[in-house]
1. Please list, by residue number, every one of the GluC sites (Glu not before Pro) in segment 88-159 that is coil in DSSP and has at most 15 other beta-carbon atoms within 10 Å.
2. About its Cα centre, how strong a charge dipole does segment 143-273 have in debye, to the nearest 20, once Lys and Arg get +1 and Asp and Glu get -1 at the Cβ?
3. When the helix-only estimate is applied to the chain (DSSP H runs of n ≥ 4, each -39,500 (n - 2.57), divided by the residue count), what is the mean residue ellipticity at 222 nm, nearest 500 deg cm²/dmol?
4. Angle between the Cα long axis of helix 358-374 and the longest principal axis of the chain, 0 to 90 degrees, nearest 10?
5. Let me check against my output: what whole-number percent is the relative contact order of the chain, with C-alpha pairs under 8 Å and at least 6 apart?
6. Go through segment 223-234 residue by residue and turn each phi into a ³J(HN,Hα) via Karplus (6.51, -1.76, 1.60, θ = phi - 60°); whole Hz please, and just put x for glycine and proline.
7. Take the alpha-carbon centre of segment 77-116, take the same for segment 235-250, and report the distance between them in whole Å.
8. Choose one of V347, H223, M148: the residue whose Cα lies farthest towards the positive end of the charge dipole of the chain (beta-carbon charges +1 Lys, Arg; -1 Asp, Glu; about the Cα centre).
Amino acid sequence: MSDLSKYFDYNATTPMSATAREIWNEASEQLWHNPSSLYREAGYAKQRLDDAREDLADLLGVDAPERVVFTSGATEANNAIVRYFSRSKRGKLAFSAIEHPCVEASVSEFCETGGTFEIPVDPGSGVVDLDALESGLRSGGLSAVSIMAANNETGVLQPWREVAALCREQEIPFHSDAAQWIGKMPLEGLGECDWITGSGHKFGGGKGVGFLMMPEEGGEDFHAAVGGPQEEGRRAGTENLPAILAMVGALEEMSGLDFGKERAEGRDRFEARVKEELGIQIIGESAPRLWNTSMILLPREKNLKWLTRLSGLGFAVSTGSACSAGKGNPSRVMAAMGLDFDEMGRVLRLSGGWESTPENWDALAGALVSVGAEL
Ligand code: PLP
């Protein structure tokens, strides 16, 4: 499927941008040597790796490039950070009820029973309940906090700046999984979080590559993988230099874009039409959301029926997060927002991209209306 005008699953993954592809191709030909080796070509590779780290740190507003650790993606980074947090004996790990499965599963895997504190979201908006977090922080029983920056299913933006400030006051480490934020929203301020994770394939940077950002102080005994001395020993394994360079190039490209209100024009027009013509509800509509995402509650029939018919018309959409959609598991995010079992089977996630035009969104609305008439 290469017709991007009908591709509305960018939150699951994105095609590599032309810039990233070019960088990747060139680096695969020229820069395939191991950056840890000692001959001249390896030195070039090491230099490019260091430059990429500096560029990424700059983009994140961080003046210490050594805070950046390249990984295979956000799942690895989130797993490693939660595992690291779970080793603290200081108190409970707080995480929100709408975290991505890779955070939630790491919490279940690594934290002892009773060692966690789940922060609810407001059911109407899907925004984390800051009062609940504050009372947890005031109780003095938290060791760390993990709250995502933007939700992958609803696109609802989370108040990570406020959370970062609250955590700083209490000197509690704060991690934000920013996999859906980075590349779609301005990066300013992210460097003020202690820990951040990002993923290349969410912003045209290619799959199997991502990064985490560590705090300026602390985290000395952190490691995502043990073995060789790569990434200052914090993530052993030969660096995938072409992928890293492509990812940083894509982020440079995306972060130069304007993320003003106009970017949501197509999505907003789509939502107005399907609300009016199909009686569709928009999940998280009252909250600030990513400009590219619309999570809708269909009026009747299972989401898979709609998805299959839309797919027959060439449109790629999702029933939720790609990970749980394939498995048919009910979404924790939808449960946290108070949807019942029947409603959870009627949600569709539509997520456009940087090049999706308002006309592409109009075509999607038209297709949805015609599928609605059939069902
Ligand atoms: N976190 C969020 C919010 C995501 O949307 C995703 C992707 O689905 C991930 C983490 C996992 O990212 P990756 O595919 O790089 O492991």
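1. Within segment 88-159, the qualifying GluC sites (Glu not before Pro) (loop, at most 15 other Cβ atoms within 10 Å) are E112.
2. The dipole magnitude comes to about 680 debye.
3. It lands at -12000 deg cm²/dmol.
4. 50
5. 23
6. Rounded to whole hertz, the list is 8, 8, 8, 10, x, x, x, 4, 6, 6, x, 8.
7. Using only Cα atoms, the two centres lie 26 Å from each other.
8. V347
Read-outs throughout are calculated quantities, based only on the coordinates presented, and are distinct from any laboratory measurement. Since this is a predicted model, take the numbers as computed values, not measurements. Cβ: placed from backbone, ideal geometry, glycine included. Neighbour counts: every protein chain shown.
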